[in-house]
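Down below is the structure, laid out as C-alpha cells.
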Amino acid sequence: MEVVLEGVSHTYNGREYALEEVGLSIDGPGLYLVVGPNGSGKTTLLKIVSLNLRPSRGRVIVDGLDAWNTSKREFAELKSKFVYSHDKPILLRGTCRYNLTMGGRLSGRVDEDFMKRLIEIFEAEKLLERKSRELSAGQAKLCSLIRALSVKAEVYALDEPFNSLDSSNVSRLLAVLRELSNTKAVLVSTHFLYEGLLNSAKKTIRLINGKIA
Amino acid sequence: MESLLDITLRSLWISGLASLVSFIAALALSFSLARARESVANVVAGFLESLVGVPTTVIGLLTYMLLYPRGPLAPLNLLYTPWAIVIGESLVALPVSAVVLYRSVRRSLSVVSELAASLGLTSGGLFGIVAREIIPDLFTSYLVGFSRAIGELGVALIAGGGIQGYTNVLTTAIALETSIGNYEDAISVGLVLISITALITLALKTMGERIWRSS
Amino acid sequence: MSKAVIVLVLLAAFLAGFAGGYLFSSASTPSGAQAPPTRVTVSTTTSLYQTHLLDDLLADFKNATGLSVEFSVLAKGSGEALRLLSDGSACLGFTHAPSLELKYLLNGSIVRLSIFAYNEFVIVGPKDDPAGVSNAASAVDAFKRIYEAGEKGLAKFVSRGDNSGTHVRELQLWKLAGLDPSGKAWYLVSGQGMAQTLLMADNLKAYTLTDVGTLQSLVSQGKISNLVVLLRDPKLLINVYSFYVSSSQSCRSKDVSNLALLLAEYLNTRGQQLIASKYKDLFNPALQNLTVVESAWVELSRLA
C-alpha cells in the first residue's frame, strides 16, 4: 500500500497553519517515525495520512487514487485500510473488554488471534474486566492500543503510543511494532526518541513548526 | 369523588404513555439533529428550548382545536377521551425531553464517531453505541417528560375534560375539587401527586444508575 | 446494553398493557347504527354537578330505561358549557343562563328539550350588612346599596367574572340598576367557580350573588363562617335550569337524538319526582309551575 502526500497544508482556524506544504510518501510495509517537538504538527500529519482529517490544501493519494476526490463507496473502501490511534485514548463507558469488542463492532475486521496474543504479550488479562474510567492513564492507553492494533488494516498511524507506558511495556510495544512493520506500514509519532526505535525506522520524518525539516 | 386509586392509575398510564411517545420522538429528533449541520441544529435546539416554557393551557387549547368536531382530526372522535390527553401531554413533554437528550446525544455522537473513524469506519451504525453511552441521560429525559406530563393541568382539563371515571386525572381532580370548594380532598390528591412523581423519579433514576454501573 | 433494552421493553409493555386494559374496558365510541352510543359527552353548569343532582338524574335515567350508555360529564360554567354544545364538543347540555341560551337558540346551534328545574339566586353578605341589603326592596335596589357602600369604602363585592349563568345574571342586575362597577377597587373579579368565589367572599366579608345549591352544600360542610343570606327576590333572582341538545353535525346521529329525547322525557316525568323528593331544599321541579317558570325564562332571556 502506498500513500503519497502532495503539497499538503492544514489550518484549524484559518490563520495559523499546523502543517505547511508537506510532501511525503509511505511506500509499503515498514516503520515510519514522525518526530518533532510539541505542537510541530505530528498529530495533524498522522490524521491526514490515515484519512481522519481532510487537509485544507493539497492531495492525499492512496494507491494512485486522490482519496478526498473519490465516491463515497471508494472512500469507505480506502478508509477501511487505515487505523489511527489517538494520543489521548477514547474509551467508551464499560469495561476494557467491551472497548476491545468495539474494535470489531466498529470496523468489522478484527484479528481475534492477534488480539489474544497482544493481551498475553502485555499481560493485560487483569485489565479486561475493569471499567474504563477506573483504568490508570497507562492502562487506558494499553487498552486502546490493543483495540487499534487488533483491527485488520494496511496502515497503522499511532499517535504518541509510548506515552504513559512504563518501561517494560515500552519495550514490549517496540517489539510488537517491529514485527507488525514487516507486513504493514506503521507510522509512529513521538516527541521522545528511543534508541531502538530510530534503529528500526525505515524512514524518519522530522517536523518543525508544521514543515518537514 | 371517585377512588383515589383509580385516578392515580389512570394518571400513571396516561402520562406514562404520553411521555413514552414523546421520549421516542425526542430520541429520533435529537439523533437527527445531532447529525445535522451544527448551525442548523443549534437554531432548532434553541427553538425547542423556548418551547419548554409554553403554558400547558395553550397546548391544551391547541389539542382541543385539533380534535373538536370542526377540527382537522375530528373524525378520530378522540376529544374528551384519555387519548386526547395522551396526544396533548406528549406535545407538552416533547420539548423538555428533546432538549435534555439533544446535548448529550450530540456530545456522545461526536466522540463515538471520532472513535469509529479512527478504526476505519466511515458511516452509520452508531445508534446503539451512543444510546448505551448515555443511558443515565435517557432515563433523565424520560423522567423530566413524565414529570411535566403528569403534573400538567391545561391539556387534561381542556382536551380531556376531567370526566369522572374516564378522563379524571390527578391534576384535574385537584382542580375540580378546588372548584367545588373541597380543599381537603384537593390537598390529599396533591400529596399523592407529589409522592408519586418523587417515587417514580427516584426508582427510575436508581435503575438507570444501576444499569449504567453494571455495564 | 441488553439489560437497558430489556428494561425499556418491559416498561413499554407494562404501559401498553395498561393502555390496552383501559381501551377494552372503556371502549371509545364505535359508530354502530342501531345500538345507542356507548359514550355521550354532557356539558353542565357546576351547580348541578356539585350538588350531585345531575349524577343522580343520569344514574336514575339509566336505571329506568336500562340503557347502558356512559355519560362523560364536563363541569363548566354555563358560558363554556353552551360554547361546547354549539361546537358539538358536547352533545347534551344542562345550563342556567337564559340570555346566553337565547343567543345560541336563535342561531340554531342548540335545541331546548326541557326546562326541568328551578331554584333561586340569593344575595349573600357579611352578617353586619354594612350596605343594608336586607332592607332593600328588590335585587336591583340591593345592588344600588352595595354600589354606594362600596364607593364609601364600606363594602366589597366579589364577581365570578367567568361568563357563567350566575355571572350573567349579576351583570344583568348591574345594568338594571344603571351602574357599572367594573374597575372599582371594591369590585373584585375572582374568575373562579361558585364555591371558590363564595369562600373568597366569606374570607373578605364581601357581598356576592350565588345559587342556593352551591351555598347550601358549603354551609352544610361548615365552610361558611361570615356569610348569610340577605336578600331573596323571586322575580329577578329566579334561576332556571334547562336541558339542551346540540344541533351540530357531530350530534345529529339517530342514536344521540333518540337518547336526548328519552332523557328529556325522563326529566319531565320520573326526574321531576326525584328532584321533588331528594332535592327538596335545593331545587324545585319545574313542571308543576311551568307557565311561571317559562315566562320568567323568557323575561330573563331578553335582558341584555
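The values are calculated or read from the model by the stated rules, or taken from the named source; none is laboratory data. Quick caveat, the model's predicted, so the values are computed rather than measured. A quick note on method: Cβ atoms are made from the backbone with ideal geometry, for glycine too, and the neighbour counts reach across all protein chains shown. These accessible areas exclude ligands, DNA and RNA; they are computed on the full protein's heavy atoms, side chains included. Shrake-Rupley method; radii C 1.70, N 1.55, O 1.52, S 1.80 Å.
With N the number of residues in chain C, Rg(Cα) / (2.2 N^0.38 Å) evaluates to 1.16. Please state the charge dipole magnitude for segment B:4-214, taken about the Cα centre, from unit charges on C-beta atoms (+1 on K and R, -1 on D and E), reported in debye and rounded to the nearest 20. That gives segment B:4-214 a dipole magnitude of about 600 debye. In sequence order, segment B:69-80 has phi-based couplings of x, 9, x, x, 9, 3, x, 6, 6, 9, 4, 6 Hz under the Karplus curve 6.51 cos²θ - 1.76 cosθ + 1.60, θ = phi - 60°, and Gly or Pro positions carry x. In terms of Cα atoms, the Rg and Dmax of segment A:74-213 work out to 15.0, 45 Å. Semi-axes of the equivalent ellipsoid of segment B:4-214 are 36, 20, 13 Å, computed as sqrt(5λ) over the eigenvalues of the C-alpha gyration tensor in descending order. When the Cα centres of segment C:62-131 and segment C:195-245 are compared, how far apart do they sit, in Å? Each part reduced to its Cα centre gives a spacing of 17 Å. Taking every DSSP bridge with both residues inside segment C:120-231, close to 65 percent are antiparallel.
Scalar couplings 3J(HN,Hα) for segment A:177-183, obtained by applying the Karplus form with A = 6.51, B = -1.76, C = 1.60 to θ = phi - 60°, are 5, 4, 5, 4, 6, 5, 10 Hz; x denotes Gly and Pro. For a paramagnetic label modelled on A:ALA213 (point 7 Å from Cα along Cα→Cβ), amide N atoms under 19 Å away belong, within segment A:157-179, to A:160.
Per residue, the solvent-accessible area of segment C:120-231 (1.4 Å probe, heavy atoms of protein chains only, all protein chains present) comes to 38 Å². Per residue of peptide C:69-75, the mean number of Cβ atoms on other chains within 10 Å of the residue Cβ is 6. Look at the alpha carbon pairs under 8 Å that are at least 6 residues apart: their mean separation over the length of chain A gives a relative contact order of 33 percent. Of all DSSP beta bridges confined to the protein assembly as shown, the antiparallel ones make up roughly 55%. Inter-chain Cβ neighbour count for B:76-84, averaged per residue, equals 5 (cutoff 10 Å, partner chain atoms only).
Determine the share of segment A:1-74's accessible area contributed by carbon and sulfur atoms, expressed in whole percent, with a 1.4 angstrom probe. Carbon and sulfur: 46 percent of the exposed surface of segment A:1-74. Taking each DSSP H run with n ≥ 4 as -39500 (n - 2.57) and averaging over every residue of the protein assembly as shown yields -16500 deg cm²/dmol at 222 nm.
Give, as ranges by residue number, the residues of segment B:178-215 whose backbone N falls under 17 Å from the point 7 Å along Cα→Cβ of C:SER225. Those under the cut-off are B:182-184. Mind listing the long-range amide H neighbours of C:ALA117? Cut-off is under 5 Å, sequence gap 5 or more, other chains count too, H placed in the peptide plane at 1.01 Å from N. Distant-sequence amide H within range of C:ALA117: C:TYR241, C:ALA286. The average projected area of segment C:50-189, computed from the convex hull of its Cα atoms over all directions, is 10.6 nm². Using a cutoff of 8 angstrom between alpha carbon atoms and counting only pairs six or more residues apart, the relative contact order for segment C:120-231 works out to 43 percent.
Binning the C-alpha pair distances of segment C:133-273 at 5 Å intervals from 0 yields a P(r) profile of 2, 9, 15, 18, 17, 11, 9, 8, 6, 4, 1, 0 %, listed from the shortest bin outward. Count Lys and Arg as plus one, Asp and Glu as minus one, and take only other residues whose Cβ is under 12 Å from that of B:VAL169; the net charge is then -3.
For the protein assembly as shown, with equal point scatterers placed on the C-alpha atoms only and solvent neglected, what are the log10 I(q)/I(0) values from the Debye formula at q = 0.08, 0.11 1/Å, to two decimals? Scattering profile of the protein assembly as shown, log10 relative to I(0): -0.75, -1.09.
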